[in-house]
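The structure appears right after this line, and notes come after that.
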Amino acid sequence: MTDRVILHCDLNNFYASAECISHNEWKDVPLAVCGNPELRHGVVLAKNEIAKKLGVKTGDVIWQAKQKAPGLIIVPPHFDLYMAYSKQMFKLYNDYTDMVEPFGADECWLDVTGSQKLFGDGITIADKIRERVKKESGLTCSVGVSFNKVFAKLGSDLKKPDATTVIDRNNFKRLIWGLDANEMLSVGRRTYDRLLKLNIKTIGDLARADEQMLKSNFGIIGSKMKAYANGEDNEPVREAVLSREVKSIGHGMTAVRDIENISDARDLIYYLSEKVAVRMRKAGYRGSLVSVGMRDNTLFSIVRQRPLMMPTYSSTEIAECALSVFSDNWNGDPMRTLTVAVSKLEKFDEPRQLSFLTDSVRNDKLEKLDEAIDKITNKYGNVLHRASLIGKDFIYDKTDAEDFLPFQR
């Protein structure tokens with residue numbers, strides 16, 4: 001069986017690079033894009049190559065970054081600018097394949113297995129993409145080329161900026177087995193700390209570890225980590241959708257303090273789910289697939305999803321599903337940002353397939369309750385609040401533009 005050819009394209013220092021391209025006077029000085037300190041966003045979201053060489057890291061608080069790089073230019077994020085570049089690059093990638101899966105605004109996987117007769121092998125396509133990215137946008141891009149998604153992402157991380165790195169079946173042990181295990185997708189800080197206690201430090205150690213021991217300590221995730229380390233990742237690259245019609249509705253928030261227990265996570269998830277449900281009703285949609293984005297305090301992010309039994313715009317149904325997803329995938333690390341989104345949307349006026357396996361009566365009652373709350377809010381303003389949210393010190397009122405939504409394309 002012929003191996004797949006998967007690329008992972010990562011725009012180098014994306015936010016900072018976009019700012020420098022837009023302001024020519026910043027090209028030769030250290031620069032960092034930082035969030036709002038008053039909302040606990042006062043950390044480095046991105047830095048340019050000059051600041052990076054001076055030791056500035058993503059996640060540094062502003063005063064730390066300024067100590068490392070005297071004269072550091074601090075700029076707030078301009079997400080409209082970044083998303084414009086992101087969409088431009090997304091369209092560029094689609095010139096080579098329709099199998100494109102975004103991983104944030106600056107990263108994408110591409111399955112070019114079926115494109116090689118048109119554009120050349122994986123390395124050739126990667127180099128063409130890098131050349132076009134630089135020529136058409138002024139940005140630079142690092143590309144990993146491999147036979148699966150996990151190794152392709154590792155490849156794009158190995159050499160930066162503006163480089164192509166190939167990880168194949170012949171060289172992957174030499175190239176990546178010596179790396180720390182937390183360099184691999186799915187291994188966060190807390191998981192890595194637990195691996196170290198088991199004397200598992202590198203990706204190679206993880207590849208050779210006893211699977212039953214990993215399962216007993218990490219559950220099914222333990223088996224997945226071992227499989228990934230051995231190159232046994234068969235997850236497909238999802239097909240891109242170029243249409244600009246609404247495909248999902250989501251809401252995210254960076255909490256004022258880290259979320260460290262399930263009770264606080266529940267409250268924030270219910271808050272976000274209410275925001276999502278209100279927007280769904282305003283736009284005239286029900287949805288049947290709930291996604292939860294989780295970003296910890298080391299800035300490691302994952303997104304997990306689960307289908308609903310029937311389409312809904314009930315905030316309670318969405319929140320219950322989202323909380324279940326969170327509970328099943330949270331490893332205990334302090335969470336900085338949570339996002340709830342609903343996809344597989346359908347218009348109100350579309351016919352619905354009812355199921356004997358779901359409590360449609362309960363769902364209808366919950367939807368009518370939310371509709372009643374909407375009417376009160378429209379008439380009297382935001383006067384109704386969930387009791388569990390009153391007085392919470394980690395939630396603040398916001399608009400979408402105020403926050404960084406790392407899981408929204």
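Figures for the structure shown
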| quantity | calculated |
| --- | --- |
| Fully extended contour minus Cα-Cα distance, from D3 to N261, at 0.36 nm per residue | 88.6 nm |
| Under the span-like rule (Cα at least 27 Å along the axis, Kyte-Doolittle mean at least -1.0), DSSP H helices of the chain | 262-283 |
| Under the Karplus curve 6.51 cos²θ - 1.76 cosθ + 1.60, θ = phi - 60°, whole-Hz ³J(HN,Hα) for segment 338-345, x wherever Gly or Pro sits | 10, 9, 10, 9, 10, 10, 6, 7 |
| Helix-only [θ]222 nm of the chain, DSSP H runs n ≥ 4, -39500 (n - 2.57) each, per residue, nearest 500 | -12000 deg cm²/dmol |
| Computed FRET value (nearest 0.05) for R132 with R304, which takes r as the C-beta separation and R₀ as 30 Å | 0.35 |
| Modelled FRET efficiency - R0 56 Å, L179 with A372, Cβ distances, 0.05 increments | 0.55 |
| Cα-based shape type of segment 216-307, given that a ≥ b ≥ c are square roots of the gyration tensor eigenvalues and the cut on a/c is 1.5 | oblate |
| Tensor-based shape of segment 53-99 (alpha-carbon gyration tensor, a/c under 1.5 rounded, otherwise prolate or oblate) | prolate |
| Listed values (1) 33, 25, 19; (2) 35, 26, 24; (3) 78, 24, 14, entry calculated as semi-axes √(5λ) of the Cα gyration tensor in Å | (2) |
| Mean Cβ neighbour count within 10 Å, used as a protection proxy, ranking 301-309, 99-107 highest first | 99-107, 301-309 |
| Shape of segment 36-146, Cα gyration tensor, a/c cut at 1.5 | prolate |
| Linear extension gain, L196 paired with Q212, 0.36 nm per residue minus alpha-carbon span | 4.1 nm |
| Cross-link pairs K224/K282; K128/K275; K68/K91; K128/K226; K215/K365; K52/K134 - those with Cα-Cα distance over 31 Å | K224/K282; K128/K275; K68/K91; K128/K226; K215/K365 |
| Within straight-line cross-link reach of K375, aspartates and glutamates at Cα separation under 15 Å, skipping those fewer than 8 residues along the same chain | E274, E367 |
| Cross-link table K87/K135; K57/K160; K87/K159, entries beyond 19 Å C-alpha to C-alpha | K87/K159 |
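FYI, it's all coordinate maths here, none of it is from the lab. Because the structure is predicted, anything quoted here is derived from the model rather than measured. Note: ideal-geometry Cβ built from the backbone for every residue, glycine included; neighbour counts use all protein chains shown.
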